[in-house]
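In what follows, a structure is listed as structure tokens, so that the remarks can point back to it.
The values are calculated or read from the model by the stated rules, or taken from the named source; none is laboratory data. Since the structure is predicted, the reported quantities are computational estimates derived from the model, not experimental observations. Here the Cβ positions follow ideal geometry from the backbone for every residue, glycine too, while neighbour counts run over all protein chains shown. The accessibility values were calculated without ligands, DNA or RNA, using every heavy atom of the protein model including side chains. Shrake-Rupley method; radii C 1.70, N 1.55, O 1.52, S 1.80 Å.
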Amino acid sequence: MQFTVPDYYKQFTCTAGQCPATCCAGWQIQIDPASLKKYRKAKGPLKNRLRNEIDWDGKCFRRYGGRCAFLNEDDLCDLYLEGGGEKAFCRTCRTYPRHIEEFEGLREISLSLSCPAAAEIILGRPEPVRFLHAEDPDKGEPQPDAYDDFDYFLFTKLEDAREVLFQILQDRAHPVNIRAAAALAFAHDLQERIDHGALYDADRLLERYKGENVWNWFENRLELLASEEDHAQKRRETLRKLLEVLDRLEILQDDWEPQIHKAGQVLTEYSSRTDNTEADPDFSALFSDETAEQILVYFVFTYFCGAVYNYNAYGKMKFALAGMILIRELLRAQWISDSEGTGRPELFRTAYRYSREIEHSDFNKVQMEDLLSDEIEFPLEDLLRLL
């Protein structure tokens, strides 16, 4: 089995009781079959508590006021403290905030942006991310029939395409809006080849987007869009529709819906007062090109190659771009309301709150990708206007 991780992977340390948003509250913690079996056989002081505080039908820990039954008043886990440390955890608690994507012969592991400590690592680093590869022949080999339908040729092309996406997104000689535009258009063009069974032409596409001419082309394209008379109106309309996507998703935590509705109101009022689509320099310093880059690279690494399972590479790139834009605009709404009080902690919080709502619901991830795939509502050029 081969493994890939971002170079910051081992920097993570759980802040436990000091965490501003504990992972033991706000969502349901599912228990894997092996751990359920272990908990059924538990002895000692935790025996009765495990029997009472597990929803055996739902295969999850019970919650009280949204908090796991084993989370104590100090925001520490009694199961960990009284059960002998990490060995008492179920797979979910033992793994988080690590996120694992499985492919044939490859396991990709990242840190989830939904964890406050991980969000600070991901968004706080100034340098581009590198990805580390290793192989361990004794670990994690799948069952022989686990990937019977795995399209290995498509997967290799997705891996190659993702490398080009990283090159584009991390080329700091160019503004991030041009990088993001090129990345989205590249995924669009790759999708056309997937849809038409023309992956044999993918290598030529990859070479074209590696060329220097791509930068002038997209710089001119963005300038041309911005010069159109109705650009500001179309930009506002596209942003409105993108924010409305969040209303069509499952709500995981009670404070999320009021937050996104307030943000929508603030942004609508603000945009009605000005046609200036360029961010204030102070906000640009808070949400910098490097911040946008790290968010885009995070989502691309985590999800892009998953297109091998649904053949929707363009949808994965749209999902990544939408994540960056929505985090940016939710933060902008806070900044508009309180520019003095909105700083790096609010950036990290906005990112991990967004991630918790979107990434920790399979329904939300699928629904969002499906909604963004509507080319009438979210065509390529309208998304480019948001950059």
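Computed quantities for the displayed model
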| item | result |
| --- | --- |
| Filter result for the condition that a residue is without any contact (Cβ under 8 Å) to a residue 24 or more places away in the chain and of a type outside the set (A, V, I, L, M), over 62, 91 | 62 |
| Lone qualifier among 241, 262 - being of a type in the set (D, E, K, R), open to solvent by less than 80 Å² (accessible area, probe 1.4 Å) and either assigned to a helix (DSSP H, G or I) or touching a Leu at 6+ places or on another chain (Cβ under 6 Å) (or both) | 241 |
| Residue among 381, 329, 340 that alone is more than 15 Å from the chain's Cα centre (by Cα) and part of a loop (DSSP other than H, G, I, E, B) | 340 |
| Matching residues, segment 69-87, being assigned to a helix (DSSP H, G or I), open to solvent by less than 30 Å² (accessible area, probe 1.4 Å) and at pLDDT 90 or above | 78, 79 |
| Pairs, first more than 18 Å from residue 85 (Cα to Cα) in segment 11-24, second open to solvent by 30 Å² or more (accessible area, probe 1.4 Å) and of a type outside the set (A, V, I, L, M, F, W, C), C-beta under 7 Å, six or more apart | 19/75 |
| Residue within segment 50-60 that is closer than 30 Å to residue 105 by Cα, part of a loop (DSSP other than H, G, I, E, B), modelled with pLDDT of 90 or more and not basic (Lys, Arg) present | no |
| Near pairs, Cβ below 6 angstrom, 6+ apart or cross-chain, from segment 182-205 (within 26 Å of residue 222 (Cβ to Cβ)) to any residue that is of a type in the set (Val, Ile, Thr) and assigned to a helix (DSSP H, G or I) | 182/168; 182/214; 183/168 |
